[in-house]
Amino acid sequence: MERTIRQSVSILLGYDDPDARRSAAEYLSRSDELAPVAALALALEDSNKGVRDAAFRSLLAIGGLKVARAVVEYIGDENIVTRNLVADLLCRIGKPAVPAVIPYMHDTDHDVRKFAVDILALIDPSDAVTDLVRLLDDPDINVRIAAVEALGNAKNSGVLAPLCNTYEKCPETRPSVVEALGKIGDTRAGEYLLSMFYAEVNNKQSDGLLVFMIVQALGAVGNEDALETLKRYLQSAKGKIAHAIIHAMVQIQERIDKRVYFSRDHFYQLLDALSDSDEDIAYSAAKGLERFTGDDVTKAFITTLGRSEKWDSFLYPLILERENIFYSVLELMQDPASNKRALLFLIGRMVQITIVSIFRNKNLQFDTRVVDTLFDDIVKEWEDADEETRSTIVDVLFSLDGDRAVLVLDKILNDQDPWLKIHFIEILVSISDPRTPELISKFLDDDEAVVREVAAAAVESKGLSLSDIGSE
């Protein structure tokens, strides 16, 4: 061992100065010999956080089974900070740490056994399946549940029978067993889950949460038999369980390459599920509702826009294919109960996309009076709108009717917000109205220098000089 390494070990273990210990811990990352690794492992219990963090980084840099074996004994430490630090380190070392952790699955302390199983579940439990199956009979319930969860992460279809035996023998493990069967993904797991579903729905003392979890798992592995069973049960289901069944049915239909289909009997359940806080459930509800005509579905789609960019990207094509889209928008704008600010933001992009669709489809029959009314309703929102909403209003107005939108310039000119003026100038640059250079020129004398500069650049972008504007 190099002299400088020996010195660093001595400093790390014997100096009072924490800065010196921290520097020594950092230096020892250069060596993977036993003594430096052991010293760094001890330093994970140092009283100084900076030293502990430095030791952690150095051990992680060295990595491998040697480090894992040096630190794994601390998963039973009384200090929770040390335990968590070591668990994090082992997880980051990854698969090389597995052989060091496996023996601790059989420790005499049930907390250590559980912690070892939890760590393996996060790393890769596939090499510890045999040991995990044995722990399904552990005297401690928390260890049994941890073993079930780890086996689910292992995704080994060979453990289906032991898991189902555990389901029967130990009711406390049932939610975890169901989740594990869903993760494993084997079609035989679907058969087990379907039998569990039958048993629970015919049990007057059934656990509603367990039924919900079985339905979720069936969505991941169920077959056509499960689809038909869920369809029958949906007739009487309500609330969250109905939402879960809808999602599971869509998952199964898509997995077996079957068209997503729900009968009219399920219409209101689909509408209700569309507003579920779980976005995956809402996706499935939207897919189920797509085949139904009617303004009620269109409005329901529109009012859910804005959940996320992913959701909006998914929903816009569905909305734009629907009939009478502008009538639905108009009704929502005129509804006093509507959140106008939210509606403007959520509808803005939809209106723009719809206008483009109208111009591309020359055969589309369209009542322009609806656009005129919608335009008027949006203008009414100007006075009470904030800066961001006003920008959206301007965008939407130009999408609806560029010529009429120009007429709102007087209000913009009187607005004191320079950034709103700049945004308006940018919009004027983007449209082809022949009056835009003259309109932009009105900002050349603005009180704000930045507005004047943007206006001058905008005029030049139109191919005109400032002298041309002045001579007109």
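Quick note: the coordinates plus some simple rules give every number you see, no bench work behind them. Here the structure is a predicted model, which is why all the values come from computation and not from measurement. All Cβ positions, even for glycine, are placed from backbone atoms using ideal geometry, and neighbour counts span all protein chains on display.
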Query raised in the report: Mean separation of Cα pairs under 8 Å and 6+ residues apart, divided by the residue count of segment 156-222: what relative contact order is that in percent?
Result: 37 percent
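What order, most packed first, do the peptides 396-403, 335-342 have when packing is the mean number of other Cβ atoms within 10 Å of each residue? Before the final figure, lay out each step's value.
On the way: 396-403: 18.5, 335-342: 11.8.
Result, highest mean Cβ count within 10 Å first: 396-403, 335-342.
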Query - Check: segment 1-51 dipole with +1 on Lys, Arg Cβ and -1 on Asp, Glu Cβ, in debye - result: 80 debye
Report summary line: Listed by chain and number, the lysines with an alpha carbon less than 19 angstrom from that of Lys340, same-chain partners under 8 positions apart left out, are Lys299, Lys380
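Counting other beta carbons within 10 Å of each residue's own, what order do Leu270, Leu40 fall into, fewest first?
Least to most surrounded, the residues fall as Leu270, Leu40.
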Report task. Fewest Cβ neighbours within 10 Å first, please rank Glu78, Glu426 accordingly. Result -> Glu78, Glu426
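If each DSSP helix of 4+ residues adds -39,500 (n - 2.57) and the sum is divided by the residues in the chain, what number results at 222 nm, nearest 500 deg cm²/dmol?
It lands at -21000 deg cm²/dmol.
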Query raised in the report: Given charges of +1 on the Cβ of Lys and Arg and -1 on the Cβ of Asp and Glu, with all other atoms neutral, how large is the dipole of the chain about its Cα centre, in debye to the nearest 20?
Result: 1700 debye
Query raised in the report: Expressed as an acute angle from 0 to 90° and rounded to the nearest 10, what is the orientation of the C-alpha long axis of helix 224-234 relative to the principal long axis of the chain?
Result: 70 degrees
Query - Cα Rg, Dmax (largest Cα-Cα span) when computed across segment 156-222, Å - result: 10.7, 33
Report summary line: For 231-237, 323-329, ranked highest to lowest by mean beta-carbon neighbours within 10 Å, the order is 323-329, 231-237
Report task. Calculate how steeply helix 3-14 sits against the longest principal axis of the alpha-carbon atoms of the chain, using the helix alpha-carbon long axis, and give the answer as 0 to 90 degrees to the nearest 10. Result -> 90 degrees
**Report entry** Using θ = phi - 60° and Karplus 6.51 cos²θ - 1.76 cosθ + 1.60, couplings along segment 215-220 (whole Hz; Gly, Pro as x)
**Finding:** 4, 4, 5, 4, x, 7
Query raised in the report: Once both axes come from the Cα atoms, what is the angle between helix 387-400 and the longest principal axis of the chain, in degrees from 0 to 90, rounded to 10?
Result: 60 degrees
Query raised in the report: How long, wide and thick is the chain, going by the Cα atoms along their three principal axes, in whole angstroms, largest first?
Result: 89, 69, 34
